[in-house]
Structure formats: structure tokens, C-alpha cells
There are 2 protein chains.
Amino acid sequence: MNTGNIFADVPGQVPDELFEDLLKTGAVRVERIVSRGHRSPDGFWYDQDRNEWVIVLKGRARLRFDGQADAVELGAGDYINIPAHTRHRVEWTDPAADTVWLAVYY
Amino acid sequence: MNTGNIFADVPGQVPDELFEDLLKTGAVRVERIVSRGHRSPDGFWYDQDRNEWVIVLKGRARLRFDGQADAVELGAGDYINIPAHTRHRVEWTDPAADTVWLAVYY
């Protein structure tokens, strides 16, 4: 059985956002994301074919959804369900600490 | 979009283990489990039709798998993938604090 720790093995330097599959099957993919001040490029919107249920386990982030005036602030334990093709971007993540996300794509 | 916090809304008393669906579709179900000293009854084994990927987000727990000499200790951030029909039981959870699990059934 695959085991591990989602907070482990984060390198000291994180020049690029880290993406790592923790589980991958036809129906579902579970991914760890580690951000450290990373944000989506200006003008970039995620427009995903799959639904995404995502939770911040550590750190802080801010998501923006296309057409919504207010951004969504996420801290430890906060989760949100993002239906497929809901355009969104990561507007901000904490530059001073790791933000660890757990994303379930389905 | 459904939002919430996985650490929120835990009652002061938890006489029974808490189970709550955070996401439920045909292909996948995401569940929050809150244990406070709960364990599987003597002689009881989970024998599930679906695979389960589970992570402990807070607290501590010990799983036992049928036929394995050593139990599996889980603390914050530890995850394990449990294939369908892998007989297992919760042998122990921390009686002094909440153990919050996030389970993905697929």
C-alpha cells in the first residue's frame, strides 16, 4: 500500500510550484501542490476539463474566479469545489511559507 | 461552489465517531471523519467495496491490516492507499484530541 506524508520532502528552494501525483486512476487523481509565493501569470485562467475539489492544508492562498468581484481567501483546512471549466486563477499565495494543497480531480 | 473548513464545526462532545460527506459523485466520495479515542469494535474488520485513499490531517491513529504483524501509525499528514477488500481496522485513535481524517473513496 502506498504511504507517505504530504508535508514531507519539500525542498529548501522552490523556484517552481511543485506538483506531485499521490494517487492516479482513471476516475480520480489526487495531487499535492506546494506553492511559496507562486501565483498564476497575469491574464492566465485555469479552464480544466475535470472537476477539482481542493483543500489548503497549510499556508494561505487567494483564488479568483472569472466574473466574480470578490476573491476567495483560503487558509488551513479551507476547501472548495471547482466544477470543470470554471475559469479561475491563483491570485496570491503566502510568500513567507509553504502553502500545501491537496487537490482531487474527478 | 461548496466551500467549508475541514477543522470547523466539531462538537464539544463526540460520543460517536463523526462521518460527513464533503463531496459525493458517482465516481468519488470525499469524507471527513473525526475520531476522539474511537476504535473499531473487537473482531470487526472493514471490508470495503471501494478503494480508499485516506490522510490524517490532525491527531494520531493506528491502523491494523489483516495478516500483517505490524500496525501502521499515522500522524498529521500521513496518507495511505487501501485497496478495496483489504481487511483493516482502526486499532487506536488519540483519546486526548480530535483526529481528523480525509478519506477519498473511489
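The values are calculated or read from the model by the stated rules, or taken from the named source; none is laboratory data. These numbers were taken from a predicted model, which means no experiment stands behind them. Note that each Cβ is placed from the backbone with ideal geometry, even for glycine, and that neighbours are counted across all protein chains shown.
Before moving on, here are some points about what is shown:
- In segment A:23-39, residue surrounded by the most Cβ atoms within 10 Å (Cβ to Cβ) [restricted to those that are over 16 Å from A:ASN81 (Cβ atoms) and either small (Gly, Ala, Ser) or within 11 Å of chain B (Cβ to nearest Cβ) (or both)]: A:SER35
- Where B:GLY77 falls short, out of the listed (1) under 23 Å from A:VAL30 (Cα atoms); (2) touching a Ser or Thr at 6+ places or on another chain (Cβ under 7 Å); (3) of a type in the set (Gly, Ala, Ser): (2)
- Restricted to segment B:83-96, and to residues there that are of a type in the set (A, V, I, L, M, F, W, C) and more than 23 Å from A:GLY77 (Cα to Cα), the residue that is nearest to the other protein chains (Cβ to nearest Cβ) is B:ALA84.
- Strands (runs of 3 or more DSSP E) contained in segment A:46-87 and holding at least 3 residues at positive phi: none
- The set of residues in segment B:81-102 that are touching a Lys or Arg at 6+ places or on another chain (Cβ under 9 Å), among the aliphatic types (A, V, I, L, M) and closer than 16 Å to B:ARG62 by Cβ comprises B:VAL90, B:ALA96, B:ALA97, B:VAL100.
- Qualifying residue in segment A:40-55 (condition: surrounded by fewer than 18 Cβ atoms within 10 Å (Cβ to Cβ), over 20 Å from A:VAL100 (Cβ atoms) and within 13 Å of chain B (Cβ to nearest Cβ)): yes
- Screening the candidates A:ALA103, A:ALA69 for the property of being of a type in the set (Gly, Ala, Ser) and more than 28 Å from B:ALA76 (Cβ to Cβ) yields one hit, A:ALA69.
- Among the residues making up segment A:23-45, those that are closer than 28 Å to B:GLU52 by Cα and in contact (Cβ under 8 Å) with a residue 24 or more places away in the chain are A:ALA27, A:VAL28, A:ARG29, A:VAL30, A:GLU31, A:ARG32, A:ILE33, A:VAL34, A:SER35.
- Neighbours by Cβ (under 6 Å, 6+ apart or cross-chain): first from segment A:76-104, without any contact (Cβ under 8 Å) to a residue 24 or more places away in the chain; second surrounded by 18 or more Cβ atoms within 10 Å (Cβ to Cβ) and part of a strand (DSSP E or B): A:ALA76/A:LYS58; A:ASP78/A:VAL56
- Residue count, segment A:64-81 (criterion: more than 10 Å from chain B (Cβ to nearest Cβ) and buried (at least 17 other Cβ atoms within 10 Å of the Cβ)): 1
- Any pair with Cβ under 9 angstrom, 6 or more apart, that starts in segment A:1-22 at a residue that is over 30 Å from B:HIS88 (Cα atoms) and within 14 Å of chain B (Cβ to nearest Cβ) and ends at one that is assigned to a loop (DSSP other than H, G, I, E, B) and modelled with pLDDT of 85 or more: A:VAL10/A:ARG36; A:VAL10/A:ASP98
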